[in-house]
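Here's the structure, in structure tokens; my notes come after.
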Amino acid sequence: MENKQKTIAVLTSGGDAPGMNAAIRAVVRTALHRGMRVLGVRRGYNGLINGDMVELNYLSVSDIMHRGGTILYTARCAEFREDAGVEKAKETCIKMGIDGVVVIGGDGSYRGARDLSLKGIPCVGLPGTIDNDISSTEYTIGYDTAMNTVCDMVDRLRDTSQSHDRCSVVEVMGRKAGYIALNTGIACGASVILMPEVPYDLEKDVLDKIRNAHKTGKQHFIVMVAEGVGGVEELAKKIEAATGIETRACVLGHVQRGGAPSLTDRVAATKMGYHAVELLEQGIGNRVVGLQCNEVVDYDILEGLEMVKTIDTNLVRIAEEVSL
Ligand code: ADP
């Protein structure tokens, strides 16, 4: 049988995350090393529908490892949620001779990858999101960098909170998940950590805690709140009214998504990108790649989407006990 050169495509989709470039680089370099062609698709599934893609070589991905964002741009694509959009993407793939697609993104992007795989274009998903909210992996690309950014920002905030005897209520990213809030809350010495997974009582878990610590002499406070809990402005007002401590809210926002990826993110992205190409090389699609106990694993996309990941309740308990 004739051995046709394989062509794979790579795209980034959904919210960006530091380390996506490292993943793109790993995919491109591994594929080229194994004699494949690689097409870089721009702006997520939009590029797959419109044929907005460019051939990548070794040099196309040089000098990007340490850069945040994604050289391929990322976007949401409403058209791809409809069957007609997926069908168009499939036609583009056939026209461009694409034998497989690496999709770097979150849960939503995985659903798209499953739909395209079902139409006969093998797709492999890589977990790219700062929130760490993908159940099929213990770790997502961008998570470590985002937490380090939060830590750096909140350390700065603490300096000024301490100088003014103030309470800072900080909103960090995590719409459905409190992983960033929990870990950065511990790392930044937060007095209170609020996450969507853990219900809380305002009086007992927030106000009493601050009042009691205030009585023992503590003058400044950090309250870490996950985006999914929200309401930081109102919470700040309630804390100030109930405790008499000057309280300000601070929403960290998109700064958490930027910056040079950490070593952990670069290595995780490289390991998982490499594995994605190994799968596509064998013609295996409809898989999502992840890390479990720091080992690379892969699952059927649907199976991966149905998995459940829970917050570390032991870590929640530790955080409660060590906070003042
Ligand atoms: P993330 O991948 O970060 O979770 P989104 O949920 O916004 O981000 O999804 C990114 C893109 O993936 C969407 O704009 C859409 O093109 C595609 N997508 C999301 N959900 C689905 C779905 N249920 N079916 C098909 N495609 C989807």
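The values are calculated or read from the model by the stated rules, or taken from the named source; none is laboratory data. Just so you know, these numbers come straight off a predicted model, no measurement behind them. Quick reminder, even Gly has a Cβ in these numbers, built from the backbone with ideal geometry, and neighbours come from all protein chains shown. These accessible areas exclude ligands, DNA and RNA; they are computed on the full protein's heavy atoms, side chains included. Shrake-Rupley method; radii C 1.70, N 1.55, O 1.52, S 1.80 Å.
Restricting things to alpha carbons, tell me how big the stretch 264-324 is in terms of Rg and Dmax, in Å.
Spelled out, the Cα radius of gyration and Dmax of the stretch 264-324 are 16.2, 55 Å.
Considering only protein heavy atoms, what is the solvent-accessible area of Val255 at a probe of 1.4 Å, reported in Å² to the nearest 10?
Counting only protein heavy atoms, Val255 exposes about 80 Å² to solvent.
How compact and how long is the stretch 16-137, expressed as Rg and Dmax of its alpha-carbon atoms in Å?
13.7, 38
How long are the three semi-axes of the equivalent ellipsoid for the stretch 1-58, computed from the Cα gyration tensor as the root of 5 times each eigenvalue, in whole Å, largest first? Mind showing how you got there, number by number?
Numbers: eigenvalues 94, 46, 12 Å².
After diagonalising the Cα gyration tensor, the semi-axes are 22, 15, 8 Å.
Let me spell out the model: positive unit charges on the Cβ of Lys and Arg, negative unit charges on the Cβ of Asp and Glu, origin at the Cα centre of the stretch 201-324. What dipole size does that give, in debye rounded to 20?
Values: 14 positive and 20 negative charges, 132 e Å.
Computed about the Cα centre, the dipole is about 640 debye.
Scale the Cα Rg of the stretch 136-286 by the rule-of-thumb value 2.2 N^0.38 Å and send over the ratio, two decimals. Write out the running numbers ahead of the final one.
Working: Rg = 18.5 Å, N = 151, 2.2 N^0.38 = 14.8 Å.
Ratio of Cα Rg to 2.2 N^0.38 Å: 1.25.
Whenever you get a sec, line up Leu263, Leu194 from highest to lowest accessible area (probe 1.4 Å, protein heavy atoms). Spell out each step's value before the answer.
Values: Leu263 135, Leu194 5 Å².
Of Leu263, Leu194, the descending order of accessible area is Leu263, Leu194.
May I ask which residue of Leu202, Leu315, Leu291 lies farthest towards the positive end of the charge dipole of the stretch 169-324, with charges of +1 (Lys, Arg) and -1 (Asp, Glu) on Cβ and the Cα centre as origin?
Going by the Cα projections, it comes out as Leu202.
Please compute, for the alpha-carbon atoms of the chain, the extent along each of the three principal axes and give them in descending order in Å.
Over the chain, Cα extents along the principal axes are 80, 36, 34 Å.
Which residue, Ser62, Ser262, Ser136, has the most motion in a Gaussian network model of the chain that connects Cα atoms within less than 10 Å?
Result for the chain, Cα springs under 10 Å: Ser62 fluctuates most.
For the Cα atoms of the chain, what angle does the longest principal axis make with the long axis of helix 20-33, in degrees from 0 to 90, nearest 10?
20 degrees
Going by amide H atoms built from the backbone, whose H comes under 5 Å of the H on Val101, apart from near neighbours?
Long-range HN contacts for Val101: Ala9, Cys123, Val124.
Sorted by mean Cβ packing within 10 Å, highest first, what order do the peptides 234-242, 315-323 take? Could you put the intermediate results ahead of the total?
Numbers: 234-242: 16.7, 315-323: 13.7.
Ranking, from highest mean packing down: 234-242, 315-323.
What's the local net charge at Met36, with K and R +1, D and E -1, over the other residues with C-beta under 10 Å away?
For residues surrounding Met36, the net value is +1.
Determine ³J(HN,Hα), in whole Hz, for all residues of the stretch 112-127 in sequence, where each value follows from phi through the Karplus function 6.51 cos²θ - 1.76 cosθ + 1.60 and θ = phi - 60°; x replaces Gly and Pro.
Using θ = phi - 60°, the values come out as x, 5, 5, 4, 6, 4, 5, 8, x, 9, x, 10, 10, x, 10, x Hz.
Residue separation times 0.36 nm, minus the C-alpha to C-alpha distance between Asp208 and Glu240: what's the value?
On the way: separation 32, 0.36 × 32 = 11.52 nm, distance 1.26 nm.
Length gained between Asp208 and Glu240: 10.3 nm.
Counting other C-beta atoms within 10 Å, and keeping those with at most 16, which DSSP coil chymotrypsin sites (Phe, Trp or Tyr not before Pro) do you find in the stretch 166-250?
Numbers: sites: Tyr179, Tyr200, Phe221; in loops: Tyr200.
Loop-located and lightly packed - Tyr200.
Suppose the chain between Ile64 and Met307 were pulled fully straight at 0.36 nm per residue; how much longer would it get relative to their current alpha carbon spacing? Present the calculation step by step, with values, prior to reporting the outcome.
Values: separation 243, 0.36 × 243 = 87.48 nm, distance 3.26 nm.
Length difference between fully extended and current span is 84.2 nm.
According to a simple spin-label model (label point 7 Å from Cα along Cα-to-Cβ), what is the distance in nm between Glu79 and Asn294?
4.4 nm
When the convex hull of the Cα atoms of the stretch 203-294 is projected onto a plane and the area is averaged over all directions, what value comes out in nm²? Mind showing how you got there, number by number?
Numbers: hull surface 40.0 nm².
Answer in nm², one decimal: 10.0.
Rounded to whole Hz and in sequence order, give me ³J(HN,Hα) for the stretch 216-222 from the Karplus expression 6.51 cos²θ - 1.76 cosθ + 1.60, θ = phi - 60°, writing x for Gly and Pro.
7, x, 5, 10, 10, 9, 10
Test of the criteria: in the stretch 43-102, which GluC sites (Glu not before Pro) are in a DSSP loop and have at most 14 other Cβ atoms within 10 angstrom of their Cβ?
Values: sites: Glu55, Glu79, Glu82, Glu87, Glu91; in loops: Glu82.
Sparse-neighbourhood loop GluC sites (Glu not before Pro): Glu82.
Return the sequence-ordered ³J(HN,Hα) values of the stretch 193-209 in whole Hz as given by the Karplus equation 6.51 cos²θ - 1.76 cosθ + 1.60 applied to θ = phi - 60°, using x for Gly and Pro.
Once θ is set to phi - 60°, the couplings for the stretch 193-209 become 10, 10, 10, x, 6, 10, x, 9, 10, 3, 5, 6, 7, 10, 5, 4, 4 Hz.
Leaving out ligands and nucleic acids, note down the accessible area per residue over the stretch 59-154 with a 1.4 angstrom probe, in whole Å². Before the final figure, lay out each step's value.
Working: 3710 Å² over 96 residues.
Using a 1.4 Å probe on heavy atoms only, each residue of the stretch 59-154 averages 39 Å².
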